[in-house]
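Notes for the one structure printed next.
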Amino acid sequence: MFMLKRAQDILASVFGYPEFRGQQEQIINHLVQGGDALVLMPTGGGKSLCYQIPSLIRSGTTIVVSPLIALMQDQVNALRLLDVRAVALHSGLSFEQQMTIQSGLIRGEYDLLYISPERLLTYRMLDLLDGMTLALFAIDEAHCVSQWGHDFRPEYLQLSTLHQRYPHVPRIALTATADQRTRTEIAERLELGNARWFVSSFDRPNIFYRLTQKREARKQLLDFILKDHAGQSGIVYCLSRRKVDELAEWLRRHGVQALPYHAGLEPEVRHRHQEQFQTTDNMVMVATIAFGMGVDKPDVRFVAHMDMPRSIEAYYQETGRAGRDGLPATAWLVYGLQDVIILGQMLAQSSMDPQMQHLERQRLTAMLGFCEMSGCRRQALLNYFGEQREEKCGNCDLCVEPVATWDATEAARMALSNVYRTGQRYGVTHLVDVLLGRPNKRVTELGHQQLSTFGVGKGLSQPIWRSVYRQLVARGYVTVASETYGSLLLTEKSKPLLRGEEQLELRRDRYDVHELKASLPEQHFDGDEAKLWEALRALRMTLARERQVPPFQVFSDATLRSMMASRPSTPEELLQVSGVGQFKLEQYGKAFLEVLAVHVRVSV
Ligand code: ADP
Ligand code: ZN
């Protein structure tokens, strides 16, 4: 009971938050009492507090294992702004700085030490740890132990030895991975057999999902940015480095502040771009998936995909970087069958063993299926990760504007029998030429104008036939062959449809959602409100520059919005605003109250 009160006090006085979110309180309580925990919580769910608060309650130092210097530095900076004694040890520091920190550690001067796994597991470091009082081990981004993930870090595997060496120090592993297989892997590999699992809902209610067919992808993207997210931070993912460079350049020419990021750029350039993205609130980063784990910017207002990700797991992880601060954000994507073909070829050329390839191919088809679904996106996404959700969400493109469908039974049968007649050897372009009865060179050379399916599809247009084939792939009636250039093969599932024993409804293609605007919660301010908003942001920027930290570390957008809503005029009132703790009040309170005072309240 006493502990709980203590946690509550720290939450309010240090972090400035009135209440715990989700399972934070149970997790903290469990750790404070010495238990191990595996915490599965979506991005933006508030994982950090789960070990930061225990680190302030338990005596000794909490060791936080983190995979990237950028992540450690961000967290340490944010904690320093709250007057918490946190420090990071990494190769970016001078020898003297490292020595100073180490002697500080021996004297017990820090509540939290952030460190990479490889450094932690050196003899030197373990020796140092032997002489310290240890409060807790926190293993952040724990999915890095998974060999199958994109973020695999071999050093994470060694972390299980911590338990053998320090059996009495509680451990907490945290991740935002929604993938069941990876979760089990984490528990096994980190030897967290006795840990209690804390699994939160993986829903990200503030993210609006919006997926459409590719037509003129760049133009579609530009329309989207200008209409819905002008002047805001966002990430645009592309499959190739070349595409990243070209698109960033093209966006700049069209008035969007955009920077490229991929593994082919010089490290300094990459670093500079990341820095610029992190420290501003209106930059678009065009990137390959190399831009990932280190991104913990809370005010990313959209994540756009110019190419389909390779799985729903990857899609969820990448889109999860939007809206960490809980304010409305959009996950936008354009896709086409070509994406499936290219990704399939990349798979075929990879060194993966056949069984893995097969699995990955299934994931790819599931992703296309997700793009092509009707119903509710959020429901489908959560169900995919094993979370049942009965109601529609009302906050995805398909809920806002249900997609039109048509009876495609006849068309699908023609399309499938055409695949069969042509010998299951051709891609969509040729198949559609045959259906439309186009006697071009290829068709003539192959003698395909003799086939019974030649010209039977004249009643429908080329885009519709392409759409039919794409949806047949998405629903598993045909698959794309991996070895050849996108040729289609019939699957077992196609038989009843071919025999006329099954009906099929398909979606009508659409390239934009029209009723969208009305559904997006208001994000912009007008008139005097806008002036105050800009003044608050400007002050935040000045303070951030002086302290050389990103603006959101001074106060988050959510905190500024609460100030707009409650208009505090005294320090006591300001302290009531979520995100304003004791130390920040002392540091910035006066300046913010002054800005608030000069803007007269707009009458309601
Ligand atoms: P995660 O690591 O799970 O992605 P963070 O720990 O970075 O999430 O938290 C996301 C945001 O939510 C941060 O801005 C954090 O300060 C805020 N937050 C965390 N817990 C609470 C809470 N109980 N009340 C209000 N805001 C919170
Ligand atoms: Zn929905």
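Some points to look at:
- Residue in region 397-406 that is in contact with a Leu (Cβ under 8 Å, 6 or more places away or on another chain) and of a type in the set (Phe, Trp, Tyr) present: yes
- Members of region 325-355 that are touching a helix residue (DSSP H, G or I) at 6+ places or on another chain (Cβ under 8 Å) and under 30 Å from Ser556 (Cα atoms): Asp325, Gly326, Leu327, Thr330, Ala331, Trp332, Leu333
- When Ala415 is tested against the conditions (1) within 16 Å of ligand 1 (Cβ to nearest atom); (2) crowded, with 22+ Cβ neighbours inside 10 Å, the lone failure is (1).
- Residues that are assigned to a loop (DSSP other than H, G, I, E, B), more than 12 Å from ligand 1 (Cβ to nearest atom) and closer than 19 Å to Ile225 by Cα, drawn from region 282-299: Asn282, Met283, Thr288
- So Arg85, is it modelled with pLDDT of 95 or more and of a type in the set (D, E, K, R): yes
- The listed residues are Asp36, Asp74, and the only one of them that is charged (D, E, K, R), crowded, with 17+ Cβ neighbours inside 10 Å, closer than 30 Å to Asp179 by Cα and more than 16 Å from ligand 1 (Cβ to nearest atom) turns out to be Asp36.
- The single residue among Arg6, Arg58 that is in contact with a helix residue (DSSP H, G or I) (Cβ under 7 Å, 6 or more places away or on another chain), basic (Lys, Arg) and farther than 18 Å from Ile172 by Cα turns out to be Arg6.
- The set of residues in region 370-414 that are away from ligand 2 (no atom under 16 Å from the Cβ) and not in a loop (DSSP other than H, G, I, E, B) comprises Thr405, Trp406, Asp407, Thr409, Glu410, Ala411, Ala412, Arg413, Met414.
- Considering region 539-561, the residues that are in a helix (DSSP H, G or I) and touching a Pro at 6+ places or on another chain (Cβ under 9 Å) include one that is nearest to Lys297 (Cα to Cα), namely Phe552.
- Taken over region 444-456, the residue count meeting the criterion of being more than 21 Å from Leu497 (Cβ to Cβ) and either surrounded by fewer than 20 Cβ atoms within 10 Å (Cβ to Cβ) or of a type in the set (D, E, K, R) (or both) is 7.
- Among the residues of region 307-323, those identified as over 11 Å from the mean Cα position of the chain (by Cα), under 23 Å from Arg215 (Cβ atoms) and either at pLDDT 95 or above or outside any loop (DSSP other than H, G, I, E, B) (or both) are Asp307, Met308, Pro309.
- Taken over region 419-477, the criterion of being more than 45 Å from the chain's Cα centre (by Cα) and among the aromatic types (Phe, Trp, Tyr) is satisfied by Phe454 alone.
- Candidates Val432, Val443 - the one that is assigned by TED's automatic domain parsing to the domain that holds Lys495 and under 14 Å from Ser467 (Cα atoms): Val432
- Residue selected from region 131-190 under the condition within 16 Å of ligand 1 (Cβ to nearest atom) and in a helix (DSSP H, G or I), by the criterion surrounded by the most Cβ atoms within 10 Å (Cβ to Cβ): Ala142
- Residue match in region 78-92 (condition: in the same structural domain as Ala173 (by TED's automatic domain parsing), within 24 Å of Pro154 (Cβ to Cβ), of a type in the set (A, V, I, L, M, F, W, C) and surrounded by 17 or more Cβ atoms within 10 Å (Cβ to Cβ)): yes
- Output for region 75-106, where each listed residue is within 22 Å of Ile57 (Cα to Cα) and among the aliphatic types (A, V, I, L, M): Val76, Ala78, Leu79, Leu81, Leu82, Val84, Ala86, Val87, Ala88, Ile101, Leu105, Ile106
- Only one of Gln317, Gln357, Gln274 that is outside the structural domain of Trp250 (by TED's automatic domain parsing), away from ligand 2 (no atom under 16 Å from the Cβ) and not charged (D, E, K, R): Gln357
- Of all the residues in region 430-441, those that are assigned to a helix (DSSP H, G or I) and surrounded by 14 or more Cβ atoms within 10 Å (Cβ to Cβ) number 6.
Residue by residue, here is whether (1) touching a helix residue (DSSP H, G or I) at 6+ places or on another chain (Cβ under 8 Å); (2) in contact (Cβ under 8 Å) with a residue 24 or more places away in the chain; (3) hydrophobic (A, V, I, L, M, F, W, C); (4) buried (at least 20 other Cβ atoms within 10 Å of the Cβ) holds:
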residue	(1), (2), (3), (4)
His262	yes, yes, no, yes
Val269	no, no, yes, no
Ile289	yes, yes, yes, no
Val300	no, yes, yes, yes
His305	yes, yes, no, yes
Met308	yes, yes, yes, yes
Glu313	yes, yes, no, yes
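- Test: residue in region 416-438 that is in contact (Cβ under 8 Å) with a residue 40 or more places away in the chain, out of contact with any strand residue (DSSP E or B) (no Cβ under 8 Å at 6 or more places or on another chain) and farther than 24 Å from Val334 by Cβ: yes
The values are calculated or read from the model by the stated rules, or taken from the named source; none is laboratory data. This one's a predicted model, so the numbers in the text were calculated from it and none came from an experiment. Glycine also receives a Cβ, built like all others from the backbone with ideal geometry; neighbour counts cover every protein chain displayed.
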